[in-house]
Ligand code: ATP
Ligand code: ATP
Ligand code: CA
């Protein structure tokens, strides 16, 4: 880790509390905020500081020193109005990165308009990853980069085993790039043209969705 950052996590439901715990475990300074006292109590040992506060109370947020934070994560999912108001207040206070969990598409659109820096839809994003894993036994993981591009982890089949990257020529034939090759606990993050691929290797492939699909179906 390069630098200890300061994070405020506001709303400690399942999503917020897990973000809080993980950031704290990664060694960051985390301020955990929720309106519910017992929830705040349960996060005391998993945060640098845990406070009971209403996320829409501007004076309270200021007295907690929110304006000095690099990052704020707003995870008041099911209550759209406080989520929007809180996001607005945090942006007005000048917090550079405000990431917000959205409950639905209307919520998403409003958050976009008021300047949320990243909008997260955990259920939708996770559902897409899982659906792609279910769709093909070759797919281990799936990350959407945009509507057109994605990064996919594919298991190398017998068909392509014992070939080098040059022999497979994936970039020319399918227009996708093999970013990394995972073999047991090792990850080769800059695969060379003459590196071999073996059955069971996990290929981290980036490219246009259609190209990845073509490689998955015909190339391996
Ligand atoms: P999950 O991740 O469990 O799906 P969620 O997105 O469904 O969470 P909720 O359970 O609705 O979200 O709320 C998350 C937390 O936000 C709750 O612990 C709740 O107490 C807190 N919360 C709701 N409104 C406010 C508010 N105005 N100020 C502070 N905390 C709030
Ligand atoms: P989310 O992903 O939105 O957080 P959730 O985990 O909170 O979902 P619910 O909204 O409580 O889940 O329920 C999910 C769906 O399961 C609902 O559409 C509900 O109708 C359905 N469901 C609940 N109980 C049953 C049941 N016994 N048989 C069939 N369907 C059920
Ligand atoms: Ca929920």
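Since every read-out is calculated from the coordinates, none of them should be taken as a lab result. Since the model is a prediction, treat every value here as computed from it, not as a measurement. Reconstructed Cβ throughout: ideal geometry from the backbone, glycine too, with neighbour counts over all protein chains shown.
Assorted remarks:
- For the stretch 140-169, the residues whose amide N sits under 14 Å from a probe point set 7 Å from the Cα of residue 198 along the beta carbon direction are 156-158, 161-164.
- Distance (nanometres) between label positions extended 7 Å along Cα→Cβ at residue 38 and residue 14: 1.9
- Counting only alpha carbon atoms, the long axis of helix 122-135 and the longest principal axis of the chain meet at about 20°.
- Nearest-ten-degree value, helix 14-25 long axis tilted from longest Cα axis of the chain: 80
- Per-q log10 I(q)/I(0), the stretch 1-79, q = 0.17, 0.20, 0.27 Å⁻¹ (Debye; single scatterer per alpha-carbon; no solvent): -0.57, -0.79, -1.41
- For the chain, the longest principal axis of the Cα atoms and the long axis of helix 80-92 meet at an angle of about 90 degrees.
- Modelled FRET efficiency - R0 25 Å, residue 130 with residue 105, Cβ distances, 0.05 increments: 0.80
- Extension gain (nm, one decimal) between residue 161 and residue 114, 0.36 nm per residue minus Cα-Cα: 11.9 nm
- Pair-distance profile P(r), taking every C-alpha pair of the stretch 88-170, with 5 angstrom steps and integer %: 3, 12, 15, 16, 14, 11, 9, 6, 7, 5, 2, 1
- The calculated Kirkwood hydrodynamic radius for the chain is 19.8 Å, given to one decimal from all distinct C-alpha pairs.
- All-pairs Cα distance distribution in the stretch 28-159, expressed in whole percent, bin size 10 Å: 11, 33, 28, 18, 7, 2, 0
- Selected from 83, 48, 146 as most flexible by GNM, with the chain as the system and alpha-carbon contacts under 10 Å: 146
- Two-decimal Rg/Rh across the stretch 138-207, once Rg and the Kirkwood Rh are taken from alpha-carbon atoms: 0.94
- The helix-based estimate of mean residue ellipticity at 222 nm for the chain, built from -39,500 (n - 2.57) per DSSP H run of four or more residues and divided by its residue count, is -9500 deg cm²/dmol to the nearest 500.
- Comparing 86, 20, 176 in a Gaussian network model of the chain, where Cα atoms under 10 Å apart are tied by springs, the biggest mean-square fluctuation is seen for 176.
- Selected from 165, 85, 111 as most flexible by GNM, with the chain as the system and alpha-carbon contacts under 10 Å: 165
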